[in-house]
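In what follows, a structure is listed as structure tokens, so that the remarks can point back to it.
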Amino acid sequence: DAGVIQSPRHEVTEMGQEVTLRCKPISGHDYLFWYRQTMMRGLELLIYFNNNVPIDDSGMPEDRFSAKMPNASFSTLKIQPSEPRDSAVYFCASREGTRRTEAFFGQGTRLTVV
Amino acid sequence: SQQGEEDPQALSIQEGENATMNCSYKTSINNLQWYRQNSGRGLVHLILIRSNEREKHSGRLRVTLDTSKKSSSLLITASRAADTASYFCATVTYNTDKLIFGTGTRLQVFP
């Protein structure tokens with residue numbers, strides 16, 4: 001398996017534009033996590049899915065953020081409209097089975113909103 | 001919100017020395033995990049210790065867990081320049097499947 005694949009690797013967009021980040025988890029993994037990493041706030045869990053169902057979205061900062069997982073092999077994180085304070089590295093991670101296993105991370109998407 | 005706080009925030013050592021990083025957390029856990037992040041890359045899992053374990057080894061890594069103090073430590077022995085990275089602890093509680101990360105320690109190993 002190629003691991004968790006995120007696209008794009010880098011995204012530069014203007015304030016007010018819609019941004020969509022994509023993630024392909026490892027095949028067979030039934031948990032998917034979205035994290036945001038900044039210098040100020042560290043690694044924040046935004047939302048996670050189990051078997052394509054959103055379980056906890058309490059970390060999503062505001063209504064401008066939304067995430068979907070239409071099937072087991074694809075998830076999106078959308079920001080609409082984007083703001084400069086959304087600039088960060090966004091990571092997707094997947095995990096197989098219960099909480100007693102490790103998570104595998106993608107390489108991240110570096111988002112810059114100007 | 002972050003479950004874990006790590007110290008030190010940054011650590012600089014010479015090759016061959018040992019590096020110790022500490023993690024404290026707030027609520028009861030099912031397990032605690034350590035991850036490594038090279039600059040500009042994703043996180044890589046290093047080791048997992050369950051709440052009923054006190055110590056675990058993997059190669060040059062030694063992890064301890066003290067649930068009474070809600071703390072863990074990661075020891076890297078005989079460090080190498082290639083160990084330069086940020087190290088994060090992450091916790092999983094009994095009542096959720098969430099993986100919550102600490103603030104991280106930046107380790108610099110000088111050749």
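The values are calculated or read from the model by the stated rules, or taken from the named source; none is laboratory data. On a predicted model such as this, the values are computed, not experimentally measured, just so you know. Every residue, glycine as well, gets a Cβ built from its backbone with ideal geometry; the counts of neighbours run over all protein chains shown. Ligands, DNA and RNA are stripped out before the accessible areas are found, and what is left, the full protein with its side chains, is counted by its heavy atoms. Shrake-Rupley method; radii C 1.70, N 1.55, O 1.52, S 1.80 Å.
Of all residues in region A:12-24, those satisfying the criterion of being assigned to a strand (DSSP E or B) and surrounded by fewer than 18 Cβ atoms within 10 Å (Cβ to Cβ) are A:12, A:13, A:20, A:22.
Entry remark, region A:1-48: residues being hydroxyl-bearing (Ser, Thr, Tyr) and closer than 20 Å to residue A:83 by Cβ number 4 in total. In region B:56-70, of all residues being of a type outside the set (D, E, K, R) and farther than 18 Å from residue B:93 by Cα, the one that is surrounded by the fewest Cβ atoms within 10 Å (Cβ to Cβ) corresponds to B:59.
Please go through region A:1-48 and pick out each residue that is charged (D, E, K, R), within 16 Å of residue A:59 (Cβ to Cβ) and within 14 Å of the chain's Cα centre (by Cα).
A:36, A:44
Taken over region B:18-55, the criterion of being closer than 18 Å to residue B:78 by Cβ and surrounded by 14 or more Cβ atoms within 10 Å (Cβ to Cβ) is satisfied by B:19, B:20, B:21, B:34, B:36, B:46, B:47.
Selection within region A:25-39: residues that are assigned to a loop (DSSP other than H, G, I, E, B) and away from chain B (no Cβ under 11 Å). The member of this set that is farthest from residue A:114 (Cα to Cα) is A:28. Considering region B:7-111, the qualifying strands (runs of 3 or more DSSP E), each wholly inside and each with 3 or more residues that are within 27 Å of residue A:95 (Cα to Cα) and polar (S, T, N, Q), run over B:31-37, B:71-76. Restricting attention to region A:75-105, which residues are closer than 20 Å to residue B:92 by Cβ and of a type outside the set (D, E, K, R)? Selection gives A:91, A:92, A:93, A:94, A:97, A:98, A:101, A:103, A:104, A:105.
For residues that are polar (S, T, N, Q) and open to solvent by less than 30 Å² (accessible area, probe 1.4 Å), tally how many sit in region B:71-111. Write out each step before concluding.
From region B:71-111, those polar (S, T, N, Q) are B:71-73, B:77, B:79, B:84, B:86, B:91, B:93, B:95-96, B:103, B:105, B:108; that's our starting set.
Cutting the leftovers down to open to solvent by less than 30 Å² (accessible area, probe 1.4 Å) gives us B:72-73, B:79, B:86, B:91, B:93, B:105.
Count: 7.
The residues of region A:88-114 that are outside any strand (DSSP E or B), touching a residue at least 40 places away in the same chain (Cβ under 8 Å) and open to solvent by less than 50 Å² (accessible area, probe 1.4 Å), listed by number, are A:97, A:106, A:108.
Looking at the structure I just gave you, is residue B:93 away from every other protein chain (no Cβ under 11 Å) and either touching a Leu at 6+ places or on another chain (Cβ under 6 Å) or more than 18 Å from residue A:41 (Cβ to Cβ) (or both)? Break it down into steps so the answer makes sense when it comes.
Details: away from every other protein chain (no Cβ under 11 Å): no; either touching a Leu at 6+ places or on another chain (Cβ under 6 Å) or more than 18 Å from residue A:41 (Cβ to Cβ) (or both): yes.
No: the conditions fail for residue B:93.
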